[in-house]
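Have a look at the structure below before the remarks.
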Amino acid sequence: MLELVDVHKVYRVGTFGGGTVHAVRGVSFDVRPGEVVSLIGESGSGKSTIGRMVLRLANATSGSIRFDGTDVVSLRHRGLRDYYRHAQGVFQDPFSSYNPIFKVDRTFDTLRRSYFPQVAGREWDERVHDAVHSVGLEPAEVLGKFPHQLSGGQLQRLLIARALLLDLRLLVADEIISMLDASTRIDVLNLLGDLKDRGLGILFVTHDLSLGSYVSDKVVILHQGRVVERGATAAVFADP
Ligand code: ADP
Ligand code: ADP
């Protein structure tokens, strides 16, 4: 479903063509439907850059990123919009993903305007309610609220609900539970398990080795932009 082959990212830094940072160096791996792949590495190892390139929030410098065989790097306009029906990201700080002056409803309205202008209001409301329910929230309790009136865990789950309204097949989850308290973490992890059971592929980005190995079918371990270990979680962590 998602396949990266020999992907590099070189950031140019400084104003006058000064320095470069070779953040990702020849990374290859794949994510299949119903599979959780953890991308694990210390801070600065290139994890977020990879997540952003997969979601086209950053451009790969070289290499190939394919989704069902389609080259993600060269998608434009409509093609990119269609890609985002299937591939979405949820990031560390859920508060930053919401405009603080808009009620949560606004996020869903925007989604409808961009993707489902033909869906009738009542049907759309039903879809929103179903999605919000499916992430373990009570629609009446969250939809009319402003982001600051909700907890980080509720917002994180709303972002996942938002993604579910699309025809989601790939979720990039970048450090999504590091800001949550312990019990909410478990809820969000269980939710990811449900998504996996529904056949979604999940790229789970984390600096936490034990967490990453706990949730995943496969791991990709990065060090300074390179893959240093890759394989089925059980095999990578088996006693030698
Ligand atoms: P991680 O997610 O593993 O912490 P990042 O992908 O954020 O790693 O960063 C990898 C490297 O790329 C780091 O050296 C970081 O400083 C650098 N980097 C990340 N984003 C940018 C950027 N927008 N411009 C320049 N350098 C960046
Ligand atoms: P295949 O698709 O036949 O498994 P690949 O060329 O995709 O072969 O992968 C070669 C090896 O790398 C295999 O052992 C495979 O399990 C491993 N591998 C591929 N993708 C990943 C991934 N996302 N995470 C961990 N290991 C992977």
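For this structure, a couple of remarks:
- 22 Å tail of the calculated P(r), segment 1-126, as % of Cα pairs: 50
- Residue 172 long-range amide H proximity, modeled H, under 5 Å: 88, 89, 90, 203
- Over segment 54-166: Rg over Rh, Cα atoms, Kirkwood Rh: 1.01
- For the chain, the antiparallel share of DSSP beta bridges with both residues in that region comes to about 55%.
- The radius of gyration of the Cα set in segment 96-145, together with its Dmax, comes out at 11.0, 30 angstrom.
- Note on residue 13: accessible area is roughly 70 Å² with a 1.4 Å probe, heavy atoms of protein only.
- Portion, in percent, of the accessible area of the chain that falls on carbon or sulfur, probe 1.4 Å: 49
- Computed over the alpha-carbon pairs of segment 24-70, the distance histogram in 10 Å steps reads 22, 59, 18, 0 percent, short to long.
- Helix-only mean residue ellipticity at 222 nm for the chain, each DSSP H run of n ≥ 4 adding -39500 (n - 2.57), per residue, nearest 500: -11000 deg cm²/dmol
- Whole-Hz ³J(HN,Hα) from phi, Karplus 6.51 cos²θ - 1.76 cosθ + 1.60, for segment 173-185, glycine and proline x: 10, 9, 6, 6, 10, 5, 8, 9, 6, 4, 6, 5, 4
- Computed with every protein chain present, the accessible area of residue 226 is close to 130 Å² [probe 1.4 Å].
- About the centre of its Cα atoms, segment 20-119 shows a dipole size close to 340 debye [charges on the beta carbon of Lys, Arg (+1) and Asp, Glu (-1) only; nearest 20 debye].
- Lys pairs under 16 Å by Cα in the chain, provided they are eight or more residues apart or on distinct chains: 4
- The overall shape of segment 163-240, judged from the alpha-carbon gyration tensor, is prolate: a/c is not under 1.5, and a/b is greater than b/c.
- For segment 122-210: rounded, prolate or oblate by the Cα gyration tensor [a/c cutoff 1.5]: oblate
- Accessible area in square angstrom per residue, the chain, 1.4 angstrom probe: 49
- Basic side chains Lys and Arg get +1 at the Cβ, acidic Asp and Glu get -1 at the Cβ, and with that the dipole of the chain about its Cα centre reaches some 920 debye.
- Residue 223 - accessible surface, heavy atoms, 1.4 Å probe, Å² rounded to 10: 90
The values are calculated or read from the model by the stated rules, or taken from the named source; none is laboratory data. In this text, all values refer to a predicted model and were calculated from it rather than measured experimentally. Positions of Cβ are backbone-derived with ideal geometry, glycine not excepted, and every protein chain shown enters the neighbour counts. Calculation scope for accessible area: heavy atoms of the full protein, side chains included, ligands and nucleic acids excluded. Shrake-Rupley method; radii C 1.70, N 1.55, O 1.52, S 1.80 Å.
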